[in-house]
Amino acid sequence: MNNIIKAALVILFLTTGFIASAQKITAADSIDIAFEKPKHSPRKATIYSAVLPGMGQIYNKKYWKVPLVYIGFGAFGYFIDWNNDQYLIYKQAYADLRDDDPNTNSFQQFNEDGRWDSQMQQFSNRLERAKDNARRNRDLVIISTAAFYVLNIIDASVDAHFFDFDISDDLTFKWVPGPIYCADQRGVGIHCRIRF
């Protein structure tokens, strides 16, 4: 039994050595395969940013822009909410002032000292203007939010277009003599080629 184990180990050792030596590849036998890096897609960045704002910036590896996007949307959301609250307050006060129900008097919060009691028409006009201004401001902030959303998408798309742009110091400037044609006349000139 002991001889069988020794023979198995010798056979195993010899076959392992031959297999390992067979795996050696020389430089003449190998072919270098250059894997092409996938191209950065502006279309993907645009779609990502349209689906979820800031996702296009993450795809472009511009991580520092993501907090700015969400701070911007948060600020716009706050101002939409604040202007909408003001609009609802002024709208209710104006409606209470214009109706004939004595139990609805929310407009009194704007007339605490009673200075408008003798000039109710002017007070009514002021409440109407305040209501209209609050609604206009709310609508402008909603339009600004939509513009900010579009700007987020444009930013992601432009960054994706410039993602693979070479910004190295290797700029070449080549002067070459060559013919110049002007008014059917042939002349000698210099061609200048700048390669970025």
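The values are calculated or read from the model by the stated rules, or taken from the named source; none is laboratory data. Note that the structure is a prediction, hence the values are computed from the model and not measured. FYI the Cβ positions are ideal-geometry reconstructions off the backbone, even for glycines, and counts take in every protein chain you see. These accessible areas exclude ligands, DNA and RNA; they are computed on the full protein's heavy atoms, side chains included. Shrake-Rupley method; radii C 1.70, N 1.55, O 1.52, S 1.80 Å.
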**Study point:** Exclusive hit being at pLDDT below 70 and open to solvent by less than 100 Å² (accessible area, probe 1.4 Å), set F173, F196, F110
**Key:** F110
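Can you tell me which residue in segment 148-170 is modelled with the highest pLDDT, limited to those that are surrounded by fewer than 10 Cβ atoms within 10 Å (Cβ to Cβ) and not aromatic (F, W, Y)?
Among them, the one singled out is D164.
Do we find a residue being in contact with a Phe, Trp or Tyr (Cβ under 9 Å, 6 or more places away or on another chain), in a helix (DSSP H, G or I) and at pLDDT 75 or above anywhere in segment 5-28?
No, that holds for no residue.
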Review point. Mind checking which residues of segment 62-89 are in contact (Cβ under 8 Å) with a residue 12 or more places away in the chain, open to solvent by 50 Å² or more (accessible area, probe 1.4 Å) and among the hydroxyl-bearing types (S, T, Y)?
Key: Y70
